[in-house]
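Take a look at the structure below.
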């Protein structure tokens with residue numbers, strides 16, 4: 001009998017848990033029930049840390065102080081590395097033991113335990129004084145297309161005769177992206193240039209131009225943990241144990257470049273100029289209370305083929321993450337206006353689970369490695385307020401968005417900043433967040 005590879009709900013998820021880090025108690029993003037992993041720099045070198053309230057706990061310093069002595073040698077070595085790749089390579093049991101040890105350390109204690117927390121207080125860094133870095137060295141990156149409402153809406157612009165292709169509900173669709181251009185949240189976005197098509201009486205002809213239809217895409221980052229050997233597969237029943245955690249992902253897209261080049265082989269320069277990822281990796285373990293069924297199918301929809309079909313994953317492998325996209329323009333910031341909410345989304349509208357995506361990645365024998373990144377694909381809801389890209393919101397540029405500053409937008413202009421946010425809420429559990437993923441379009445040189 002197969003057992004689930006999803007982590008269980010345990011004492012670290014208790015809603016009543018409090019921390020001696022006072023800012024963590026009731027924190028909307030990083031209470032003690034979260035404990036996401038990240039890589040930071042305060043000017044003294046790159047370190048692995050854990051977000052707790054408004055602070056970052058310096059894990060190499062914690063090890064030096066002898067406060068995590070129960071961890072095995074592999075876990076200890078992983079926490080001293082300059083990236084999270086070695087931590088991602090740990091098995092689920094090792095990651096779980098680390099989470100438990102950190103939760104214990106960060107809870108109020110007395111006696112010897114209180115002395116340990118007093119030492120740990122000196123090993124905190126304010127988040128606003130830390131420069132957050134890319135969590136891992138991303139060896140490979142694949143972008144899936146699992147948001148069915150986005151796939152349908154976008155398909156209407158590129159293929160009005162067949163928005164959703166016949167294979168969509170049978171197989172997790174993806175393309176291999178450019179890992180070298182993935183950057184952490186806050187990195188400026190340079191507007192790309194390339195070939196776009198111009199309509200003429202004789203038909204479409206290409207011209208070289210800076211993109212005029214720059215867009216964002218609201219996605220989740222799925223960080224691969226322990227990998228597999230070349231020629232092997234990761235079975236869907238085991239795939240969740242091979243996923244280390246999740247974040248927010250913005251797959252910036254130049255729609256005019258994309259429209260001209262995508263046939264017959266798919267995305268190229270319209271996608272490879274940059275993608276942004278949030279700096280904190282929210283672990284599989286932290287998200288245990290926020291799992292649910294895969295997106296509901298109609299009776300007429302096909303059942304996944306056997307290699308993609310695990311009953312426990314279908315019942316519990318889906319994600320329950322609330323998502324939000326905000327737009328701030330240069331004029332809005334000058335006028336002191338709040339950012340404009342573009343959409344409010346929900347990861348329950350992913351047609352495929354993360355486990356199914358990773359299984360499809362490896363079904364032919366592709367070797368996944370710790371630190372590989374999977375993008376979920378753009379997440380949109382069935383209603384207009386949940387569209388995950390400007391392409392959908394403005395209907396391909398036909399219906400501009402009107403802002404409180406008096407401006408309007410169809411696609412992004414220089415100085416525009418997009419912020420993605422994500423959080424999880426469920427009755428009986430503390431709210432946890434994925435942080436933010438931000439990017440500002442860089443002004444063109446004059």
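The values are calculated or read from the model by the stated rules, or taken from the named source; none is laboratory data. Bear in mind the structure is a predicted one, so any value in this text is a computation, not a measurement. All Cβ positions, even for glycine, are placed from backbone atoms using ideal geometry, and neighbour counts span all protein chains on display.
Observations on the structure shown:
- Test result for residue 302, surrounded by 15 or more Cβ atoms within 10 Å (Cβ to Cβ) and assigned to a loop (DSSP other than H, G, I, E, B): no
Matching residues to (1) outside any loop (DSSP other than H, G, I, E, B); (2) touching a strand residue (DSSP E or B) at 6+ places or on another chain (Cβ under 7 Å):
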residue	(1), (2)
359	yes, no
367	no, no
370	no, yes
382	no, no
388	no, yes
392	yes, no
396	no, no
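- Elements of type strands (runs of 3 or more DSSP E) in region 187-254, at least 3 residues being closer than 20 Å to residue 38 by Cα and in contact with a strand residue (DSSP E or B) (Cβ under 7 Å, 6 or more places away or on another chain): 218-224, 243-250
- Within region 305-321, restricting attention to residues that are within 26 Å of the chain's Cα centre (by Cα) and assigned to a loop (DSSP other than H, G, I, E, B), the residue that is surrounded by the fewest Cβ atoms within 10 Å (Cβ to Cβ) is 309.
- The single condition from (1) under 25 Å from the mean Cα position of the chain (by Cα); (2) in contact (Cβ under 8 Å) with a residue 24 or more places away in the chain that residue 404 fails is (1).
- Filter result for residue 382 (within 24 Å of residue 185 (Cβ to Cβ) and either modelled with pLDDT under 95 or touching a helix residue (DSSP H, G or I) at 6+ places or on another chain (Cβ under 9 Å) (or both)): no
- Whichever residue in region 416-446 is touching a helix residue (DSSP H, G or I) at 6+ places or on another chain (Cβ under 7 Å) and buried (at least 16 other Cβ atoms within 10 Å of the Cβ) and, among such residues, is farthest from residue 321 (Cα to Cα): 429
- Counted residues, region 41-66 - those being outside any helix (DSSP H, G or I) and surrounded by fewer than 20 Cβ atoms within 10 Å (Cβ to Cβ): 9
- Residues of region 116-160 satisfying the condition of being without any contact (Cβ under 8 Å) to a residue 60 or more places away in the chain and touching a helix residue (DSSP H, G or I) at 6+ places or on another chain (Cβ under 8 Å): 116
- Check on residue 332, touching a residue at least 12 places away in the same chain (Cβ under 8 Å) and under 17 Å from residue 220 (Cβ atoms): no
- Scan of region 322-339 for residues that are part of a strand (DSSP E or B) and either out of contact with any helix residue (DSSP H, G or I) (no Cβ under 7 Å at 6 or more places or on another chain) or surrounded by fewer than 17 Cβ atoms within 10 Å (Cβ to Cβ) (or both), ordered by number: 322, 324, 325, 326, 327, 328
- If the condition is being under 29 Å from residue 91 (Cβ atoms) and either at pLDDT below 95 or under 24 Å from the mean Cα position of the chain (by Cα) (or both), then region 11-26 contributes 12, 13, 24.
- Inclusion of residue 38 among residues that are buried (at least 18 other Cβ atoms within 10 Å of the Cβ), out of contact with any helix residue (DSSP H, G or I) (no Cβ under 9 Å at 6 or more places or on another chain) and assigned to a strand (DSSP E or B) is warranted.
- Residue check for residue 293: surrounded by fewer than 17 Cβ atoms within 10 Å (Cβ to Cβ), at pLDDT 95 or above, in contact with a strand residue (DSSP E or B) (Cβ under 9 Å, 6 or more places away or on another chain) and within 19 Å of residue 352 (Cβ to Cβ): yes
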